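The values are calculated or read from the model by the stated rules, or taken from the named source; none is laboratory data. Since we're looking at a predicted model, the values are computed, not measured. Neighbour counts run over all protein chains shown; Cβ positions are idealised from the backbone, glycine included. When the accessible area is computed, the model is the full protein with side chains, heavy atoms only, and any ligands, DNA or RNA have been set aside. Shrake-Rupley method; radii C 1.70, N 1.55, O 1.52, S 1.80 Å.
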Amino acid sequence: MLFKSLLLLSVYAVACYGQSKVPVYVYYESLCPDSARFINEQLYPVAKELKKNLELHLVPFGKSSYTTQGSDVMFTCHHGENECYGNKVHACAIQHIQGNSYQPNISKEDLTLDYVNCLMHRAQLKDGAFPTKRCADEVKIDQWQAIMDCANSTEGSQLLKQHGDVTNKLQSPLKSVPTVAFKQTYDDELQKLSVSSFRHALCKNLSPQPVECLDLPSTGSAISSLGMIVTVVAVLISRLL
């Protein structure tokens, strides 16, 4: 009875105060099947459900490399020249997408994630040109022309170079794609967990955990569960005093 009472109180506490947020960096490639699978099946649904607990940073570069010659930047990409262009589209989308006045409840971050999710899915279908405009129509992105102009200009190259610098700061080259880094720090065990169950990895890094994490299977005993509940209750009491 006491356990159930504490559980109910902890759920209330987390609902009211469990809005912890963690920065997550996702390093990926625009034409990589593993990247597409992770974004479409893991990242996208979890990020939509737990967006209040996630500070998402998308880094479209992967195992690419670049060289500079004066102001020009030349890229070599893991899946060829078309991927270099796709990476630029992603970089330009992250830069240029803005919220819409007629959709005030949908943020720039929401639209960007929706657009990237569509790009990753459609690019794997290989049914024609890169889906810059098609996904913009589906997701209702107003800035598609700015994204295309950017991707075909030096601006796109400079933006992609910046993502390359962020990637190389983590690992040069990346060990695997996609790579998921919490707080911009690579951890091999968290990487393995993230690509198999991003929801588990995210919840593991949230304290206190939101309600959406409380139904995950636990590897601990009832005693450890009770300890977690008591901790949450303590947080609630400390904030009320």
Positions within segment 100-129 being touching a residue at least 60 places away in the same chain (Cβ under 8 Å) and either open to solvent by 40 Å² or more (accessible area, probe 1.4 Å) or assigned to a loop (DSSP other than H, G, I, E, B) (or both), in sequence order: His121, Gln124
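One line per residue, one yes/no per condition, for (1) modelled with pLDDT of 95 or more; (2) among the basic types (Lys, Arg); (3) more than 18 Å from the chain's Cα centre (by Cα); (4) within 30 Å of Lys52 (Cβ to Cβ):
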| site | (1), (2), (3), (4) |
| --- | --- |
| Gly128 | no, no, yes, no |
| Thr132 | yes, no, yes, yes |
| Trp144 | no, no, yes, yes |
| Ile147 | yes, no, yes, yes |
| Asn152 | yes, no, yes, no |
| Ser157 | yes, no, yes, no |
| Val177 | yes, no, no, yes |
| Tyr186 | yes, no, no, yes |
| Leu190 | yes, no, no, yes |
Considering residues of segment 136-160 that are in a helix (DSSP H, G or I) and in contact with a Phe, Trp or Tyr (Cβ under 6 Å, 6 or more places away or on another chain) only, the residue most open to solvent (accessible area, probe 1.4 Å): Val139
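Of the residues Ile97, Ile147, only one is within 26 Å of Thr67 (Cα to Cα) and in contact (Cβ under 8 Å) with a residue 12 or more places away in the chain; which? Please lay out each step first, then the result.
Numbers: Ile97 fails: within 26 Å of Thr67 (Cα to Cα).
Going through Ile97, Ile147 in turn, the sole match is Ile147.
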Flag for Asn40 being under 20 Å from Val139 (Cα atoms), open to solvent by less than 10 Å² (accessible area, probe 1.4 Å) and assigned to a helix (DSSP H, G or I): no
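Quick one: which residue in Val22, Val89 is open to solvent by less than 20 Å² (accessible area, probe 1.4 Å), farther than 27 Å from Gln145 by Cα and modelled with pLDDT of 95 or more?
Numbers: Val89 fails: farther than 27 Å from Gln145 by Cα.
Testing whether each residue is open to solvent by less than 20 Å² (accessible area, probe 1.4 Å), farther than 27 Å from Gln145 by Cα and modelled with pLDDT of 95 or more leaves just Val22.
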